[in-house]
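Engineer: Input: one structure, supplied below.
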Amino acid sequence: MSRAAPRNVVRIGLSAAIVSVSDEEPRVLAVHHEAGGDGLPFGPFDPLRHRTLENGLRTWVHEQTYLDLDYAEQLYTFGDRGRHMVKPGEGPRVVSVGYLALVRAGAGLKAPDTRWSAWYGYFPWEDRRTKKPEIIDAVILPALKSFAKTDERHRDRVRLCFGLDGLPWDEERVLERYELLYEAGLVEEAKRDGRQAALPATPLGSSMIFDHRRILATAIARLRGKMKYRPVVFELMGPHFTLLELQRTVEAISGVRLHKQNFRRLVEGGGLVEGTGKFTALARGRPAELFRFRREVLSERPSPGLRFGMRR
């Protein structure tokens, strides 16, 4: 007599938001999946093959992208019903453990169906380095105000997430902004998941398969917040760099411009870098000194990060 198949099956998946910065643009490694569309590198956790969750992640990343990761940290566990199904009942419940990984610019991609994709292509409302993105006033706020007009809690969320009525823009609220747009039915993933609200005529960023854009939003928020109290930004820098290159990398990640002199005082005063005595020739102006990260700061200070707040 055969046993019936278990009704409540849960599988563990592993997903990685792999981030790099080049030409002053933050990029995420995107993989074209058979499910249709771009997503993050991911695969199932095999308890017999993988010694740990992170070991499983690194194995999948190497098989899909040919990259060997240096810095990787666990983000969050994503387990919403339907996150890997278009219709209910089409497979086991998949719970995904998300990771953030950082690699230096210049990491070439040899694996098929992989590319470095600008993360502001997925979140165009997050880049405020030159000006407030036009899509916010032209598309997002009118749609959100319509969505929130009968719910005071939603109106408060709109004000908080997008810095309205005198509230400041908080660059770390990446996930909250995306989830608000999802609940309002304003991103393609919401329509795909069965929400009835109509999409705007102008697409709100490129979509990703499953809930990978939500995982990426979580990764961006984590990185923006963490670099204020840990020197993770140096995982994205080469061994030698100018202070302007460092500032432009921080700005690329945070999506805001920083005051040049205040930033330099912050970095040098905090003991994060030291000069090498070498200089790089510039096309215009004086040669710029090359610096390197002072790893000794990790034992000298409890929170050696870049607590920037001086926006121009």
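Engineer: Tilt of helix 260-269 relative to the longest C-alpha principal axis of the chain, in degrees (0 to 90, nearest 10)?
Structural biologist: That works out to roughly 80 degrees.
Engineer: Which of these, THR280, THR59, THR77, has the largest mean-square fluctuation under a Gaussian network model of the chain (Cα springs below 10 Å)?
Structural biologist: THR280
Engineer: Can I ask one more? Rounded to the nearest 0.05, what FRET efficiency is calculated for ASP80 and VAL9 with R0 set to 22 Å and r the Cβ-Cβ distance? All intermediate terms of the calculation are to be shown ahead of the outcome.
Structural biologist: Numbers: r = 16 Å, r/R0 = 0.74.
The pair ASP80/VAL9 has a calculated efficiency of 0.85.
Engineer: A further question on this structure: Looking only at region 19-42, which residues have a backbone nitrogen under 15 Å from a spot 7 Å from the Cα of ARG192 in the C-beta direction?
Structural biologist: 30-42
Engineer: Next question. Give the relative contact order (percent, whole number) for the chain; include only Cα pairs under 8 Å separated by 6+ residues.
Structural biologist: Numbers: 504 pairs, mean separation 55.2, N = 312.
Computed value for the chain: 18 percent relative contact order.
Engineer: Can I ask one more? Give me, ordered by chain and number, the residues 5 or more places off LYS228 or on other chains with an amide H under 5 Å from its own placed amide H.
Structural biologist: Amide H neighbours of LYS228, under 5 Å, 5+ apart: LEU306.
Engineer: Take the eigenvalues of the Cα gyration tensor for region 10-120, scale each by 5, and report the square roots as semi-axes in whole Å, largest first.
Structural biologist: 24, 16, 13
Engineer: Scan (i) 55, 38, 36; (ii) 78, 52, 36; (iii) 68, 49, 42 for the value of Cα extents along the principal axes in Å calculated from this model and give just the label.
Structural biologist: (ii)
Engineer: Can you tell me the dipole magnitude for region 231-300 around its Cα centre, using point charges on the Cβ only (Lys, Arg +1; Asp, Glu -1), in Debye to the nearest 20?
Structural biologist: Its charge dipole is roughly 320 debye.
Engineer: Quick check: residue separation of HIS62 and LEU167 times 0.36 nm, minus the Cα distance between them. What number comes out in nm?
Structural biologist: Length gained between HIS62 and LEU167: 33.5 nm.
Engineer: OK, next. In nanometres, what is the gap between the two model label sites at GLU274 and ASP113, each 7 Å from Cα along Cα-to-Cβ?
Structural biologist: With each label placed 7 Å out from Cα toward Cβ, I get 4.8 nm.
Engineer: In addition: Helix-only estimate, please: 222 nm mean residue ellipticity of the chain, summing -39500 (n - 2.57) across DSSP H runs of length 4 or more and dividing by its residues, to the nearest 500.
Structural biologist: -8000 deg cm²/dmol
Engineer: So, with +1 on the Cβ of K and R and -1 on the Cβ of D and E, and no other charges, what is the size of the charge dipole of region 10-120 about its Cα centre, to the nearest 20 debye?
Structural biologist: Using Cβ point charges on Lys, Arg, Asp and Glu, region 10-120 gives about 420 debye.
Engineer: Now a separate question. Enumerate the residues in region 212-249 having an amide nitrogen under 15 Å from the point lying 7 Å beyond the Cα of GLU54 toward its Cβ.
Structural biologist: Under 15 Å, as judged by backbone N against the label point of GLU54, lies no residue of region 212-249.
Engineer: Provide TYR120, TYR99 in ascending order of the number of other Cβ atoms located within 10 Å of each residue's Cβ, fewest first. Can you show the working numbers first?
Structural biologist: On the way: TYR120 19, TYR99 26.
Ordered by Cβ neighbours within 10 Å, fewest first: TYR120, TYR99.
Engineer: Take the Cα gyration tensor of region 231-300, multiply each eigenvalue by 5, square-root it, and list the three semi-axes largest first, rounded to whole angstrom.
Structural biologist: Values: eigenvalues 68, 52, 27 Å².
Semi-axes (√(5λ), whole Å): 18, 16, 12.
Engineer: Between HIS32 and THR202, how high is the FRET efficiency from 1/(1 + (r/R0)^6) when r is the Cβ-Cβ distance and R₀ = 41 Å? Nearest 0.05.
Structural biologist: Efficiency, from the Cβ-Cβ distance: 0.95.
Engineer: Still on this structure, I have one more. Could you tally the net charge around GLY43, taking each other residue with its Cβ under 12 Å from the Cβ of GLY43, Lys/Arg +1 and Asp/Glu -1?
Structural biologist: Working: positive: ARG11, ARG49, ARG58; negative: ASP46, GLU63.
Residues close to GLY43 contribute a combined charge of +1.
Engineer: While we're on this one: Please get the size of the charge dipole for the chain, origin at its Cα centre, with Cβ charges of +1 on Lys and Arg and -1 on Asp and Glu, quoted in debye to the nearest 20.
Structural biologist: Magnitude of the dipole: close to 500 debye.
Engineer: Let me ask another. Helix 152-162: angle to the longest alpha-carbon principal axis of the chain, degrees 0 to 90, nearest 10?
Structural biologist: Tilt relative to the chain: about 40 degrees.
Taken together, the values in this text are just the output of simple stated rules run on the coordinates, not laboratory data. Here the structure is a predicted model, which means the values were calculated and not measured. Neighbour counts run over all protein chains shown; Cβ positions are idealised from the backbone, glycine included.
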